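What follows is one structure encoded as structure tokens, with my remarks underneath.
The values are calculated or read from the model by the stated rules, or taken from the named source; none is laboratory data. As the structure is a computational prediction, the values presented were derived from the model and not from experiment. So basically every Cβ, Gly included, is an ideal-geometry build from the backbone, and we count neighbours across all protein chains shown.
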Amino acid sequence: MGTARYYDGESAQSQTVNLKIAGGNLLILAEGAGEQLDSWPLKDLRLDPRMPTVPVLMCKHEAEARLELTDTEILESLRELNSSLKKKSMSKKKLGILVSLFVSVLIFIYFGVQLFSAQIARRIPFPIEQKLAKKVNIEKQFDSCVLSLEQTAALDKLVASVYPALPGDSDFSINVQVSREKIANAFTLPGGYILLTQGLLSQAESPEEIAGVLAHELGHVQHRHLLQKIIRGSIMVSLVNFISLGPSGMLLIDPGTAAQLLLLKFDRSMEEEADQAALLRLEEQRIDLKGFQDFFKRSHPELPSGLGFLSTHPGSRERMELIEKNILSEMEAREILTPEEFQALKSVCL
Ligand SMILES: [Zn+2]
């Protein structure tokens with residue numbers, strides 16, 4: 001029926017043999033004279049389970065002897081006679097169930113993490129977030145201004161007017177910096193970094209405006225919004241790695257990914273949560289909400305000032321309404337900076 005390479009299991013030498021089927025046996029015959037070297041019962045034939053590239057046939061009762069089937073047609077013929085040599089193919093139904101089970105588990109993990117990212121983020125100690133900030137070299141991601149003593153004192157006083165102010169404030173720390181950007185904007189970065197742009201300070205019409213923006217960014221820090229985003233982003237990367245590389249892929253962290261995560265934008269619910277936290281903080285500290293409102297009125301796209309803050313902070317109209325609702329409450333506002341201190345702050349980076 002064809003030829004194969006035969007290893008008798010006693011010497012390392014192999015020889016080309018002819019194969020023949022007779023009386024329920026596979027006969028292994030030497031080339032040429034046709035001397036019978038071995039006879040393997042068809043029912044005892046097994047394929048080498050190590051699955052080498054060339055199929056290797058073995059006999060149940062002869063542990064060492066091997067037949068390398070270079071001619072695959074022989075194997076096909078033998079499969080007709082011995083069903084145990086047939087490829088074990090999973091039924092389509094079974095495969096379908098397995099695939100849908102796998103997909104369900106992935107979806108469950110994905111949405112579970114999405115759903116519980118806030119709880120997960122809150123359970124991660126703040127020092128770990130600070131370590132992450134250090135790992136991605138956060139301070140090198142922006143060009144911060146050097147402040148004069150007078151400007152530093154004014155900024156410190158403004159920061160102190162909103163932080164610490166609430167019971168949970170001791171759970172995290174903040175580091176407020178001013179960047180050279182001319183567009184009025186503010187950012188929250190990992191590890192409690194809050195970046196106010198020079199444009200935000202110079203365009204502010206009152207210290208309360210800056211305090212309001214700062215209180216909003218503090219809301220993002222206290223609710224660990226950035227970490228939530230990172231967790232959600234990482235699980236997606238991990239799942240993609242899992243699918244493409246197997247379980248070990250979940251442990252891979254692309255160094256570029258960490259830096260990209262800094263560019264993540266907060267979603268609407270996070271913005272609302274930060275606003276609520278800001279209003280609570282400002283009221284607690286008796287800071288006039290009018291400043292916060294003025295800022296958002298000026299940054300609304302329908303207004304000509306068109307400040308860039310809006311692009312990262314959607315839903316200004318709803319936020320303005322929220323502030324208006326709160327502004328009506330009786331509140332005796334206090335002065336947070338003297339006019340001189342405010343002027344010093346406005347001149348930062350100029
Ligand atoms: Zn925000």
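List of remarks:
- Only a single criterion out of (1) more than 30 Å from L350 (Cβ to Cβ); (2) assigned to a helix (DSSP H, G or I); (3) of a type in the set (A, V, I, L, M) is not satisfied by A153, namely (1).
- On inspection, T197 qualifies as of a type in the set (S, T, Y), under 20 Å from F266 (Cα atoms) and out of contact with any helix residue (DSSP H, G or I) (no Cβ under 7 Å at 6 or more places or on another chain).
- Members of the stretch 21-45 that are touching a Pro at 6+ places or on another chain (Cβ under 7 Å) and assigned to a strand (DSSP E or B): N25
- Of the residues examined, I183 is one that is more than 22 Å from R123 (Cα to Cα) and either in a strand (DSSP E or B) or β-branched (V, I, T) (or both).
- Considering the stretch 201-217, the residues that are out of contact with any Lys or Arg (no Cβ under 7 Å at 6 or more places or on another chain) and within 13 Å of the ligand (Cβ to nearest atom) include one that is nearest to K290 (Cα to Cα), namely G212.
- Test result for L337, part of a helix (DSSP H, G or I), surrounded by 13 or more Cβ atoms within 10 Å (Cβ to Cβ) and modelled with pLDDT of 85 or more: no
- The stretch 198-218: number of residues that are farther than 15 Å from S161 by Cβ and surrounded by fewer than 24 Cβ atoms within 10 Å (Cβ to Cβ): 5
- Pairs are defined by a Cβ separation below 6 Å, a sequence spacing of at least 6 or placement on different chains, a first member in the stretch 218-229 that is within 11 Å of the ligand (Cβ to nearest atom), and a second member that is part of a helix (DSSP H, G or I); the pairs so defined are G219/A274; G219/A277; G219/A278; H220/A274; V221/G192; H223/E273; H225/M270; L226/P190.
- Among the candidates I128, I124, residue that is in the same structural domain as D171 (by TED's automatic domain parsing) and touching a residue at least 40 places away in the same chain (Cβ under 8 Å): I124
- Check on I74, surrounded by 15 or more Cβ atoms within 10 Å (Cβ to Cβ), more than 28 Å from A278 (Cβ to Cβ) and touching a residue at least 24 places away in the same chain (Cβ under 8 Å): yes
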